[in-house]
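Computed from the coordinates by the stated procedures, all read-outs in this text should not be read as laboratory data. Since the model is a prediction, treat every value here as computed from it, not as a measurement. Reconstructed Cβ throughout: ideal geometry from the backbone, glycine too, with neighbour counts over all protein chains shown.
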Amino acid sequence: MYSNISGGITTEPSAMLIPMDDHMVHRGHGVFDTAAIMDGHLYELEQHLDRFLRSASLAKINPPFDRENIRRILIQTVSASKCKKGSLRYWLSAGPGDFQLSSTGCYQTALYAIVIQDLSTFDSRGIKVVTSSVPIKPPEFATMKNVNYLPNVLSKLEAEENGAYAGIWLDGDGFVAEGPNMNVAFVTKDKELLMPQFDKILSGCTAKRVLMFADGLVREGKLRAVSVRNVTVEEGKKADEMMLIGSGVLVRPVIQWDDQVIGDGKEGPVAHALLNLILEDMKSGPSTVRIRVPY
Ligand SMILES: Cc1ncc(COP(=O)(O)O)c(C=O)c1O
């Protein structure tokens, strides 16, 4: 764990404290991001860091260090944890202050990080999703990864109450948007991969990598085309395949959306191929997506 407020890295959980007067705690004024740890390497750290700093700028949080130093601290934190498989999660907060609404009384921007070990294997079994009745965040907030995840939490709980894995949000115009911590994609009957564009939802690092691999599947003739555009619910529900995409799920096939069985109700070949490509990328991808942790 790391906190610049307490002054460095610790492996003692009771030493990792966040002050109650931190603006992220009492006003939700913070942003966060993640990166998977696989075989002692950080996956897509640069891509997640880009989004992290973009979110901080949109949230008017000035990082306490430059990008290079944040990157160095994060890698050192993983190194100190000795964790070889799991995830790294990190936050930038306006920091401790005077309990006011404005953050002008916060005296030091905070950087926090934690390493979470997870030795489980990725599940590729098809799951069920339901349309979320919890309102989607407006684009300004959905496109920035800030700590206000109450709608996401409520959407997930609603899905679980209905025997589903996740809720699917529709945007203000009724188009398919995203899940509570993942993006969505479809494969149409004529083998076109469809993904909702990122203007009203979070620009997923995994989804962007999947798009690159999907272009490869087009070259191999396994897909006809790849389109990032508005996707209607009707198009989605009559697709041959539907999948959830994100750092947590990687690529997870969806076999039922509300009452509609997707395709033949079984995990599809494109989701299967994309999951394998992402797993391979995590284990042996290029240095642009894979940083070795010096333990
Ligand atoms: C709302 C939301 N959408 C999509 C994603 C997927 O993004 P990524 O692939 O970068 O994990 C996340 C991930 O946390 C998310 O919270």
Take the chain, connect every pair of alpha-carbon atoms lying under 10 Å apart with a spring to form a Gaussian network, then pick out the residue of 107, 43, 90 with the largest mean-square fluctuation. 107
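Only helical DSSP H runs with n ≥ 4 go in: add -39500 (n - 2.57) per run for the chain, normalise by residue count and round the 222 nm mean residue ellipticity to 500 deg cm²/dmol.
Using -39500 (n - 2.57) per qualifying helix, the result is -8500 deg cm²/dmol.
Return 20, 144, 242 ranked ascending by Cβ neighbour count within 10 Å, so the fewest neighbours appear first. Before the final figure, lay out each step's value.
On the way: 20 9, 144 19, 242 28.
Neighbour counts put them in this order, fewest first: 20, 144, 242.
Using a 10 Å cut-off around each Cβ, can you sort 213, 141 from fewest to most neighbouring Cβ atoms? Mind dumping the intermediate values first?
Numbers: 213 19, 141 14.
The order, fewest Cβ neighbours first, is 141, 213.
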Using Cα atoms only, what is the angle between the long axis of helix 205-219 and the major principal axis of the chain, expressed in degrees (0 to 90) to the nearest 10? 30 degrees
Top of 190, 171, 22 by mean-square fluctuation, Gaussian network on the chain, Cα under 10 Å: 190
Relative contact order %, region 91-190, counting alpha carbon pairs below 8 Å whose residues are six or more apart: 20 percent
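Which whole-number percentage describes the relative contact order of region 74-114, with Cα contacts under 8 Å and a sequence gap of 6 or more? Could you put the intermediate results ahead of the total?
On the way: 46 pairs, mean separation 17.0, N = 41.
Averaging sequence separation for qualifying contacts and normalising by length gives 42 percent for region 74-114.
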Beyond 30 Å between alpha-carbons counts as too far, so tell me which of 200/237; 84/189; 84/208; 85/156; 137/222; 128/222 fall in that bin. 84/189; 137/222
In degrees, nearest 10, range 0 to 90: what is the angle between the Cα axis of helix 269-284 and the longest Cα principal axis of the chain? 30 degrees
Calculate how steeply helix 45-58 sits against the longest principal axis of the alpha-carbon atoms of the chain, using the helix alpha-carbon long axis, and give the answer as 0 to 90 degrees to the nearest 10. 70 degrees
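Return the FRET efficiency for the residue pair residue 208, residue 108: r is the Cβ-Cβ distance, R0 is 41 Å, and the value is rounded to the nearest 0.05. Present the calculation step by step, with values, prior to reporting the outcome.
Details: r = 33 Å, r/R0 = 0.81.
After rounding, the FRET efficiency stands at 0.80.
With a cap of 10 neighbouring Cβ atoms within 10 Å, and only residues DSSP puts in a loop, list the trypsin sites (Lys or Arg not before Pro) found in region 57-166.
Values: sites: 60, 67, 71, 72, 82, 84, 85, 89, 125, 128, 145, 156; in loops: 60, 82, 84, 85, 125, 145.
Sparse-neighbourhood loop trypsin sites (Lys or Arg not before Pro): 60, 125.
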